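Each reported figure results from applying straightforward, stated rules to the coordinates on display, with no laboratory input. In this text the structure is predicted, and so the values were computed from the model without any measurement. Cβ placement follows ideal geometry from the backbone for every residue including glycine, while neighbour counts extend to all protein chains displayed.
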Ligand SMILES: [Zn+2]
């Protein structure tokens, strides 16, 4: 896609970033489509090229103890240059086709920051 072209509308009420990029794996300027799951999490690593690790924390009910257990899971997500999420960013990610061996999500939006990066 040529540079400077208007960003695609990915729908779901997500506003495209003000910057542009020429990444073919970008949901706004490339050719990936977002469908399926949407997840929210914290970026715990941005050391890979254009890929971040997003960690989610959730509660799972354990009937035997009638209590909730805190669980976490890590998801790899593609990080297009126009969004450029950094460690400590709270991000919204959306499911796409597989972009790499273990990447099938893409960062759609930055929602904020956590106070202590690495310890969400
Ligand atoms: Zn882009």
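Normalised radius of gyration (Cα atoms, divided by 2.2 N^0.38 Å) for the chain: 1.14. If you restrict to DSSP beta bridges whose two residues both lie in segment 38-113, what percentage is antiparallel, to the nearest 5? Expressed as a percentage, antiparallel bridges in segment 38-113 total about 95. Note on residue 38 and residue 100: the model spin-label points, each 7 Å out from Cα along the C-beta direction, lie 2.5 nm apart.
Per-residue Cβ neighbour counts within 10 Å put 95, 66 in the sequence 66, 95, beginning with the fewest. Cβ crowding within 10 Å ranks 71, 110 as 71, 110, fewest other Cβ atoms first.
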